[in-house]
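So the structure is just underneath, and the comments pick up after that.
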Amino acid sequence: MTATALSFDVSSTHRVAFGRLVRVELRKLADTRAGRWLLISIVALTLLVLVIQMAVILGNDLHPSWVDFLIGMNTPMGVLLPVLGVLSITSEWSQRTAMVTFTLEPSRMRVVLAKMVSLLILAVVAWVIGMALGALANVLYGAFSGNTVVWGSVGKLMFLYFLNYVISMASGFALGALFLNSPAGIVVYFVYSFVLPVPFAIGAALMSWFDDVRPWIDFGFAQQPLTDGTMAGTEWAHLLTSGLIWLGLPLAFGLWRINRTEVK
Amino acid sequence: MIKVEGLTRAYGSFIAVDNISFECRPGTVTGFLGPNGAGKTTTMRVMVGLTPATHGEVTIGGLHYPQIPNPGRHVGVLLDASAQHAGRTGREVLEIGARTMGLPSSRVDEMLDLVSLDTKESKRRVGNYSLGMRQRLGIAHALLGDPSVMILDEPANGLDPAGIRWMRGLLKGYADRGGTVLLSSHLLHEVEQIADEMILIGNGKIVASGTRDELLSQASGGATTTLVTGLDNQQLSEALAQKGFQVHPAGAGLRVTAEPVDVGRVAADQQIVLTDLRAGNEGGLEDLFLELTADTAREDVGQTATPGLPG
């Protein structure tokens, strides 16, 4: 430590640069055992799905294109990335690191924004890795089967997948912010994305009026055209409306709560 | 430097901190003393913006905490050494702090050195740390940005005697360089040797404050007392009473309302051999501390018992 005299002079200090906050938040996603293993499992599961898919394709002499491999790897990514979104915010509370985080950067919204940006960066990275793995699988398919490799036009689908990742991560983050509790955030996310569709589907099948309402309130259903690549004007309106209910409102309330709550 | 003005923090009808005001000056260590639940932590949390104040305010160098740019560079904070991600290594905890503040990694090594956490320990996960190690890590974290103000909540908690002595020296040296230190404790002896000023808090209210000597004179009602033991206490007692001093038996000896020098003089005149002679206010501070805080604790019981019943 330096032996210079200490004095309180803030005139030459700048606030914490936003880029630095983002880099720190990215680091925090991977510097714990839980975080590291979650990232590793996402990649490992994606690889596993591709291997299984490859075995099925070769065994049944199917003729896939790049798109089919992309659909395959989309599943593990889409399921696990939101968990990262949930944990990114809830771990600050469950591990009580929010106390340190918010004393080093008292503007809580800047920290939250940095977390969002770091998740967005991660979504891009996951998407690039996913596309690359899909392409690799496609090339390997050609090598194994001796058939011609079909690439097809995937531009639009790639964009929609990316949107899908961003939305699912944002939903995870919104629920995490709402509950500020890891188990609650993760469970509610899975209930909402895997259990809720069942009553929604039954309701839609039994009641015609509900069938009409469903795309406006069922965020998962409204996202389906994204994965199918059939987005049009009405579908975007469905996505926006249901997104407001399932993403916008929880996020708004969660942010309000983070800003107001006492950090313990 | 740290200025608390009319601070109140209420949780519903429960008032955790009740209209307190005090100031911590540069170059001094201020001890914040009180029993568990007296409001020390709440006050410190308000200082750094983690808890909003119900009334009043706290400023550091004239600024509210959120207005301080890159606050880690100016105010070192340790509120709870256990509030760290259990899955992170000690080194990583400091690394994150250093990166947020824009400091080089070499600063992390310096701080690990300073608090005597070796390379092997720094690579272990915080979840496997003892409380004392977490406390050292927390102090290292608070010192990372070379701040001029330190706010430490129970920093000695969990430290071994050598660690407490080390911390005492560290904070003393820090204050000598012009730093401002506020540290809390529920143990008087941890604080009284290091603090230039003490603030005693009980039940959310400041019950006494001042330097050690000021508090001592308050403790004995302004009078100096002496503890004395002689070979013949009976004779000594009579001689002292004759001189007009108040004498009471205390343990194996006597408590006299007089300066030690006067008691010694009487003993010398009477040729009474003394086996022990010392200023008698030492225990007074502790008595004062207990008395003041016990009073507020009793009031607390009385106040909450009645409205606690309906429901």
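The values are calculated or read from the model by the stated rules, or taken from the named source; none is laboratory data. On a predicted model such as this, the values are computed, not experimentally measured, just so you know. Using ideal geometry, Cβ is built from the backbone for each residue, glycine included, and neighbour counts are taken over all protein chains shown. Just the protein is used for accessible areas: all its heavy atoms, side chains included, with ligands, DNA and RNA removed. Shrake-Rupley method; radii C 1.70, N 1.55, O 1.52, S 1.80 Å.
How many nm is it between the label spots at B:H64 and A:L136, if each spot is 7 Å from the Cα in line with the beta carbon?
According to this spin-label approximation, the distance is 5.2 nm.
At a 1.4 Å probe, which residues in the stretch A:1-48 are at least 50 Å² less accessible with all protein chains present than in their chain isolated?
Residues losing area: A:M1, A:L6, A:F8, A:V10, A:T13, A:R20, A:V24, A:R27, A:D31, A:T32, A:R33.
Total Å² of accessible surface buried at the B-A contact, 1.4 Å probe, nearest 100?
For B against A, buried area totals roughly 3800 Å².
Hey, got the dipole for the stretch B:183-295? About the Cα centre, +1 on K and R Cβ, -1 on D and E Cβ, debye to the nearest 20?
Dipole about the Cα centre, nearest 20: 220 debye.
Leaving out ligands and nucleic acids, note down the accessible area per residue over chain B with a 1.4 angstrom probe, in whole Å².
43
When the Cα centres of the stretch B:228-246 and the stretch A:148-182 are compared, how far apart do they sit, in Å?
89
Would you mind checking the pairs A:K28/A:K264; B:K3/B:K40; A:K115/B:K40; A:K28/A:K156; A:K264/B:K172 and listing those with alpha carbons more than 22 angstrom apart?
Long pairs (Cα-Cα over 22 Å): A:K115/B:K40; A:K28/A:K156; A:K264/B:K172.
Under 5 Å between amide hydrogens, which residues at least 5 positions from B:I2 or on another chain qualify, with H placed 1.01 Å from N in the peptide plane?
Long-range HN contacts for B:I2: B:C24, B:G61.
Note down the relative contact order for the stretch A:1-101 as a percent, whole number, built from C-alpha pairs under 8 angstrom at least six residues apart.
Reported relative contact order: 25 percent.
Skipping prolines and chain starts, which residues have an amide H placed within reach, meaning under 5 Å, of the one on B:G202, given they are 5 or more residues away or on another chain?
Answer set, sorted by chain and number: B:V207.
Between B:R212 and B:R124, what is the FRET efficiency for a Förster distance of 35 Å, r being their Cβ-Cβ separation, to the nearest 0.05?
0.35
Just subtract the alpha-carbon distance of A:N181 and A:A34 from 0.36 nm times their residue separation and send over the number in nm, one decimal.
51.4 nm
Can you list the residues of the stretch B:13-62 that have at least 40 square angstrom less accessible area with all protein chains present than in their chain by itself, probe 1.4 Å?
Buried on complex formation: B:R45, B:L50.
May I ask you to give the percent of accessible area on the protein assembly as shown that is carbon plus sulfur, with a probe radius of 1.4 Å?
60
What's the extension gain from A:T75 to A:A55 if we count 0.36 nm per residue and subtract their Cα-Cα distance?
Length gained between A:T75 and A:A55: 5.5 nm.
Taking the alpha-carbon centroid of each part, what is the distance from the stretch A:37-75 to the stretch A:89-113 in angstrom?
37
Sorted by mean Cβ packing within 10 Å, highest first, what order do the peptides B:257-263, B:180-186, B:143-149, A:220-226 take?
Ranking, from highest mean packing down: B:180-186, B:143-149, A:220-226, B:257-263.
Using helices alone, I'd like the mean residue ellipticity at 222 nm for chain A: each DSSP H run of four-plus residues gives -39500 (n - 2.57), total over residue count, nearest 500.
Helix contribution divided over all residues of chain A: -25500 deg cm²/dmol.
To the nearest 20 Debye, how big is the dipole of the protein assembly as shown about its Cα centre, given +1 on the beta carbon of each Lys and Arg and -1 on that of each Asp and Glu?
Dipole magnitude for the protein assembly as shown comes out near 1620 debye.
So if I take the centroid of the Cα atoms in the stretch B:144-198 and the same for the stretch B:19-88, what is the distance between those two points in Å?
14
Going by a 1.4 Å probe on protein heavy atoms, which residues of the stretch B:85-111 end up with at least 40 Å² less accessible surface in the whole assembly than in their chain alone?
So the qualifying set is B:H85, B:R88, B:E92, B:I96, B:R99, B:T100.
So with the 1.4 Å probe, I'd like the accessible area per residue for the stretch A:67-154, rounded to whole Å².
Accessible area per residue: 35 Å².
Specify whether the C-alpha gyration tensor of chain A places it in the rounded, prolate or oblate class, a ≥ b ≥ c being the square roots of the eigenvalues: rounded for a/c under 1.5, otherwise prolate if a/b is larger than b/c and oblate if not.
Cα axes put chain A in the oblate bin.
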